[in-house]
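Every read-out reported here was derived from the displayed coordinates using simple, explicitly stated rules and does not represent laboratory data. This structure is a prediction, so every number in the text was calculated from the model and none was measured. In this analysis, Cβ positions are derived from the backbone assuming ideal geometry, glycine residues included, and neighbour counts consider all displayed protein chains.
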Amino acid sequence: MKNIRNFCIIAHIDHGKSTLADRIISECGAITDRQMSAQVMDTMDIEKERGITIKAQSVRLEYELENENFVLNLIDTPGHVDFSYEVSRSLASCEGALLVVDASQGVEAQTIANVYLALENNLEIIPVINKIDLPSADIDKVKHEIEHIIGISCDEAICVSAKTGQGIKELIEAIIKKIPAPKDDDNSPCKALIYDSWFDNYLGALALVRVYEGQIALNDEVFIMSTAKKHLVQGLLYPHPLAPIKTKQISSGEVGIVVLGLKTLGDVQVGDTISLSKNKASKPIEGFEKAKAFVFAGLYPIETDKFEDLRDALEKLKLNDSSITYEPETSLALGFGFRVGFLGLLHMEVIKERLEREFNLDLIATAPTVTYEVYLTDGSMIQIQNPSELPMVNKIDYIKEPFVRATIITPSEFLGNLITLLNNKRGTQVKMDYITPVRVLLEYDLPLNEIVMDFYDKLKSLTRGYASFDYEPIEFRVGDLVKLDIKVAGENVDALSIIVPNQKAQTKGKELVKAMKEIVPRQLFEVAIQASIGSKIIARETIKSMGKNVTAKCYGGDITRKRKLLEKQKEGKKRMKAIGKVNLPQEAFLSVLKID
């Protein structure tokens, strides 16, 4: 037990976390040079292409120091804000953390968020300054930033280059010397925290656990705390980068994979506690929450006969990612599809891309929305995710929308532009702190609805990509919100309804109808495109009809002949307008979603 070290790596996106993990794995000799590949712990194509970690992975490594053998359990964590709950569970499974900061970029927003999570879990934090081989590396400046923002002493910070391998041996020795060994508690009732789960086609649902107290052995009957269900342990494995290693039991302080032969992930949710049914623990490990979706969007197949394929694809994907929720919905404009709940915007992008790649589907996603709490005049409260579910105006007392606390770190030259953007997005300033004379930390409270569309893109373009952004949900607050409908030829288009702040409704409505005018194809009759709030029309554009030249056959003669033909055409257009239907092309929805 005294020779086990459980640790994880926390860092902002792109600070070299996966490359450092690769270096530690190869230094410990777990993989030969021939078997080594870049980002060995990122298993999905999307992870390798985008350079992000989506799914946390674990490896068990062995290392010899001063004639003693040590077991190092490296628990990899995702870097993006959408997966912060998984990060918190991974951190709860460790005794120490490597805080990796890029020597050329300094401390970023996500670094701060994850360090606070690590401090809450009382972890031993080792500051690691990476990418020291870069010409733009400034080690002293980064040490000063870590001390100023996070308050951790950098006297013993370790400088490494994960790319060249410089400093890796010293880092592994520091892990063994500084991170405490887990507590030995084999005789207490079994308590194991599930910090990751996934689906294997042969073994079923697998739970990656950290055992805190007691032991789990083969053929034990385990008890899952949150569902109160019992299952038989069919196999136990130690995680390894190439193939898991079988074992007979996992003791306290160790990390391992439990095979229960389950057909769904529903029973092994991240954050849950496993105990033994013959000797149950009195209470579960604290901090378990069911994964909550924050962003919702409709996903529809472009070819309407692919609806069943989309259903199958979502079912299979849910086996590997229990955090997505979905339910069928229909739209007059887009046909049959699903309303899908995601952890955040990156999660939504990744899921859409995986559905399209892994299952060969062509999909349209409607504008992302958030959950609103609608309080009705009769005193009841309903939650809605889709603007079309909003009740009649006279039944609504008030609406509450979700707010987030955003942390932004930016070079000070972009501060003016950034504050203008945040004020336009209805943000309120909580804190502003100059970390160094040229870098500023901002904290703002923002409505989640304002950041789900294109806030991140705007933030990056305003700051030339230098600002970093992180957010965490805080609470629901009352907002002055209205539902904006778009009518084409007098009919509401449900897929284009949005919920907007009252003061922005007029301008948003004008922008939408103006853009729709360019997109909707001309018909044989005049088409009115209107934006409305309830029954009140706030903006309108008219698409002129396509006219056939009915007077072409009149060569001279009396003017009444021409007038008669034009009047006849006018009557026909009027009749068409009364009964005419406008079929909107799918591109119309895609381009309207891109309008700010």
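Rounded to the nearest 500, the 222 nm mean residue ellipticity of the chain from helices alone is -8000 deg cm²/dmol, with -39,500 (n - 2.57) taken per DSSP H run of at least 4 residues.
Remark: spin-label model distance D14-D433 equals 2.4 nm, labels positioned 7 Å along the Cα→Cβ axis. Whole-Hz Karplus values for segment 370-377 come out as 10, 7, 10, 9, 9, 9, 8, 5 Hz, taken residue by residue from phi with 6.51 cos²θ - 1.76 cosθ + 1.60 and θ = phi - 60°; glycine and proline positions read x. Translational diffusion of segment 372-479, estimated by Stokes-Einstein from the Kirkwood radius over alpha carbon pairs at 20 °C in a medium of 1.002 mPa s, is 140 µm² per second. Close amide-amide hydrogen proximity is noted between F525 and M546, each under 5 Å apart and 5 or more residues distant or on a separate chain (H modeled in the peptide plane; Pro and chain starts excluded).
Say R0 is 30 Å: what FRET efficiency, to the nearest 0.05, do K183 and E62 get from their beta-carbon distance?
Using R0 = 30 Å, I get an efficiency of 0.90.
Computed from backbone phi, the HN-Hα couplings of segment 527-541 come to 10, 9, 10, 10, 10, 9, 10, x, 9, 8, 7, 10, 7, 8, 9 Hz, rounded to whole numbers (Karplus: 6.51 cos²θ - 1.76 cosθ + 1.60, θ = phi - 60°; Gly and Pro given as x). Residue separation times 0.36 nm, minus the C-alpha to C-alpha distance between M381 and Y116: what's the value? Result: 92.0 nm gained on full extension. Extent of segment 295-365 along its three principal axes (Cα atoms, max minus min coordinate, largest first): 28, 22, 17 Å. Ordering R23, R354 from the fewest to the most neighbouring beta carbons within 10 Å gives R354, R23.
Among K400, K248, which comes first, then next, by fewest other beta-carbon atoms within 10 Å?
Details: K400 18, K248 8.
Ascending Cβ contact count within 10 Å gives the list K248, K400.
Rounded to the nearest whole Hz, the Karplus-based 3J(HN,Hα) values (6.51 cos²θ - 1.76 cosθ + 1.60, θ = phi - 60°) of segment 260-267 follow the sequence 10, x, 7, 8, 9, 7, x, 8, with x at glycine and proline. Our compactness index for segment 208-298, the C-alpha radius of gyration over the empirical 2.2 N^0.38 Å, is 1.17.
Given 37 °C and 0.692 mPa s, compute D for segment 97-236 with the Stokes-Einstein relation, Rh being the Kirkwood radius over Cα pairs; round to the nearest whole µm²/s. It diffuses with D of about 180 µm²/s by this estimate. Where both bridge residues fall in the chain, DSSP classifies roughly 85% of the beta bridges as antiparallel.
Fully extending the segment from S282 to T264, taken as 0.36 nm per residue of separation minus the present Cα-Cα distance, adds 3.8 nm.
Altogether, the Stokes-Einstein calculation at 4 °C and 1.567 mPa s, with the Kirkwood radius of the chain over Cα pairs as Rh, returns a diffusion coefficient of 48 µm²/s. Listed by chain and number, the aspartates and glutamates whose alpha-carbon sits under 16 Å from that of K573, ignoring those within fewer than 8 places in the same chain, are E526. The length gained on full extension between Y202 and S412, counted as 0.36 nm times the residue separation minus their Cα-Cα distance, comes to 70.2 nm. The charge dipole of the chain, taken about the Cα centre with unit charges on the Cβ atoms of Lys, Arg (+1) and Asp, Glu (-1), comes to about 3740 debye, rounded to the nearest 20.
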